[in-house]
Structure formats: structure tokens, C-alpha cells
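Here the structure is laid out as C-alpha cells; the discussion comes afterwards.
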Amino acid sequence: MKIVVAIKQVPERDARIRIDSTGKWIDLQDVEFTLNESDAYALEEALLLKEAHGGEVVVLSAGPERVGQTIREALAKGADRAIHIESDDLAQYDALGVARLLAAAVKDEGADLILTGLQSDDLGLGQTGVIVAELLGFPHASLILKIEKTADGVKVLRELEDGWFQHLELATPAVLTIQSGNTKLRYATLMGIKKAKTKEVKRIAASDLGVAPVPVVVLDGVKLPNKQRTTQILGGSPAEAAAALVEKLQFEVRAI
């Protein structure tokens, strides 16, 4: 079984964000980057399938040179090789443009499965995997928690709303978008880090794939949210104050 896993490099969740001099995007100079969380779970699912049934895991990522660090991390965890679509202007591509890049890079791979994370931690559009499936003409399922290989394809467990789940069977090749949190992520071992240095990373210039960026949304500017602190005194008896506090936490803050 050959599995392609699309991964994305995103800013660390606790990274300190500043607006750049243009006022139209964030300053990336001192930002630390990491592997997108749901993509890490997609990679874990691929590695589990490989361990159970054999085959090959290929990681696929697009972006500038720094993306190589995240690719090496995936290789150190157990992926066999990688494809790096090199692009310094990936921000100019919308979800359709990025999906076209990914689809063009893997169309000749002959993959049985293409896995992506459910959504990215930075933009959170949740569209890339779905569009890749459409471009390649593959069946697709989202919100996947578990994958089992069958004689004719795969059987998947989907997470729905309000604690409901759905079992589906799909023929392969197929594209699946993976939900976070169902498995325990592995760490790269020292041996895996050493092996990653010798594994193949195929580099493809985005321009060679024949996919030009088509800006659909033009940003006039970005701003950081204003920090506001307010104090509110809840009156009444202790029971009335407690009830009012619970109501505010539930319906205004949405913390419970």
C-alpha cells in the first residue's frame, strides 16, 4: 500500500505574532514553525497502516526552504521519502491553487491513499483535501478517526456531531482528511533522525507544475485584536450570583 500524506508547516501556537512593515501580513522573521497538528495525526495513521500491511509512506509539502525542516521531522518519524514543492509565494495561492499544486505533484505516484489533516492551524479553511480528491477524481471522506484496510479498499470511522459516528467503506485510491486526537503521536527516535538525513526528498519548483496563483481574496491589511479587560460585579445572594456566573460562562464566554 502506497500512502501519500500532505503536511503543512505552520507557526507554533504560542508564537509571538507581529504585523510586518507592509501592514498586510505577519512578520515571519522570528516566528518558530512546526508540523500542523491534524497533519501529524494523518502521518501517524499512515505509519500505522504501513506497519500493519507494509508498503510506502510518502510525505508531500509545499512552501519555502524552511519547510524542509518539517519534512525531515516526518521522515524521522518513519516516512520513506518526500516530495517538496518549492514556492516562496505560497501565500498567493488560495485553497484551490494549493490543491492543484498537490494534485499535480502526486498524480503519477499511483497512491492507494492520500491523507491530509482536517484543517490547518493557521488558516483553518478545511478545504485542501476535499479539493485534491475532486481534482484527482478520487472518492473522499472527512473527519476520519480510524482507517482499516479491507479486501476492496478501506473502512473508515468518521466523527459526526453530538457524539455520533459513522462507518464507511471506500474503494481505493481515495483521499481522507484526518481528525486530531484519536491516536497517540510518536516521537522521532535518534535512529530515525539519523536515517532521515539519507532519505530521498524530491524537490519540484511550483512553476514547473503549471499552476499559477490566482488571487481570489486580496488583503488590504491585517490587525492584531485589541486586548480588553473588564470587571463585572454579580449582585444578589450567593446562589443567585453563582447561577448568573454559570450562565455567563455558558452563553457568553462559552467555557462550559
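Within region 130-141, count every residue that is closer than 12 Å to L170 by Cβ and touching a Lys or Arg at 6+ places or on another chain (Cβ under 7 Å). It would help to see each step written out before you state the result.
Of the residues in region 130-141, the ones closer than 12 Å to L170 by Cβ are 133, 138-141.
Right, trim to touching a Lys or Arg at 6+ places or on another chain (Cβ under 7 Å) and you get 141.
Number of matching residues: 1.
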Filtering region 24-51 for residues that are over 18 Å from D122 (Cα atoms) and of a type outside the set (A, V, I, L, M) leaves a count of 4
Taking region 1-34 and keeping residues aliphatic (A, V, I, L, M), out of contact with any Pro (no Cβ under 7 Å at 6 or more places or on another chain) and without any contact (Cβ under 8 Å) to a residue 24 or more places away in the chain leaves A15, L28
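Would you kindly identify the strands (runs of 3 or more DSSP E) lying entirely within region 157-256 that contain at least 2 residues that are among the hydroxyl-bearing types (S, T, Y) and either surrounded by 11 or more Cβ atoms within 10 Å (Cβ to Cβ) or at pLDDT 90 or above (or both)? Quick ask: steps written out before the conclusion?
Working: elements: 165-171, 174-178, 201-205.
Filter on region 157-256 gives an empty set.
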Checking E109, E148 in turn, the sole residue that is of a type in the set (D, E, K, R), in the same structural domain as V67 (by TED's automatic domain parsing) and farther than 25 Å from A205 by Cα turns out to be E148
Is it the case, given these coordinates, that A141 is assigned by TED's automatic domain parsing to the domain that holds K195, on the phi < 0 side of the Ramachandran plot, under 17 Å from the mean Cα position of the chain (by Cα) and not in a helix (DSSP H, G or I)?
yes
Pairs returned, first residue in region 220-236 that is in contact (Cβ under 8 Å) with a residue 40 or more places away in the chain, second residue that is aliphatic (A, V, I, L, M) and part of a loop (DSSP other than H, G, I, E, B), beta-carbon separation under 7 angstrom, 6 or more apart or interchain, are L224/I17
Checked pairs for region 120-138, first within 18 Å of Q92 (Cα to Cα) and in the same structural domain as L96 (by TED's automatic domain parsing), second part of a loop (DSSP other than H, G, I, E, B) and of a type in the set (A, V, I, L, M, F, W, C), C-beta under 7 Å and 6 or more apart or across chains, list as G126/L118
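Among A95, A62, A6, A15, which is surrounded by fewer than 23 Cβ atoms within 10 Å (Cβ to Cβ), in the same structural domain as L143 (by TED's automatic domain parsing) and in contact with a Ser or Thr (Cβ under 7 Å, 6 or more places away or on another chain)? Before you say what the answer is, go through the steps one by one.
Details: A62 fails: surrounded by fewer than 23 Cβ atoms within 10 Å (Cβ to Cβ); A6 fails: surrounded by fewer than 23 Cβ atoms within 10 Å (Cβ to Cβ); A15 fails: in contact with a Ser or Thr (Cβ under 7 Å, 6 or more places away or on another chain).
Of A95, A62, A6, A15, the one residue that is surrounded by fewer than 23 Cβ atoms within 10 Å (Cβ to Cβ), in the same structural domain as L143 (by TED's automatic domain parsing) and in contact with a Ser or Thr (Cβ under 7 Å, 6 or more places away or on another chain) is A95.
With respect to V98, determine if the residue is in a helix (DSSP H, G or I), touching a residue at least 12 places away in the same chain (Cβ under 8 Å) and closer than 20 Å to V154 by Cβ. Let's see the steps before the verdict.
Working: in a helix (DSSP H, G or I): yes; touching a residue at least 12 places away in the same chain (Cβ under 8 Å): yes; closer than 20 Å to V154 by Cβ: no.
Against the criterion (in a helix (DSSP H, G or I), touching a residue at least 12 places away in the same chain (Cβ under 8 Å) and closer than 20 Å to V154 by Cβ), V98 does not qualify.
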Filter region 67-95 for residues that are modelled with pLDDT of 95 or more and assigned to a loop (DSSP other than H, G, I, E, B); the one that is farthest from L48 (Cα to Cα) is D80
Within region 63-106, residues touching a strand residue (DSSP E or B) at 6+ places or on another chain (Cβ under 6 Å) and within 21 Å of G137 (Cβ to Cβ) come out as I83, I85, L101, L102, A105, V106
Scanning region 153-198 for residues that are more than 12 Å from A141 (Cβ to Cβ) and among the charged types (D, E, K, R) gives E161, D162, K184, R186, K194, K195, K197
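Checking the condition of a type in the set (S, T, Y), in a strand (DSSP E or B) and surrounded by fewer than 23 Cβ atoms within 10 Å (Cβ to Cβ), which residue from T34, T22 passes? Working first, answer last.
On the way: T22 fails: in a strand (DSSP E or B).
On inspection, the qualifying residue turns out to be T34.
The values are calculated or read from the model by the stated rules, or taken from the named source; none is laboratory data. Every value quoted in this text rests on a predicted model; they were computed, and no experiment measured them. No Cβ is skipped: glycine too gets one built from the backbone with ideal geometry, and neighbour counts run over all protein chains shown.
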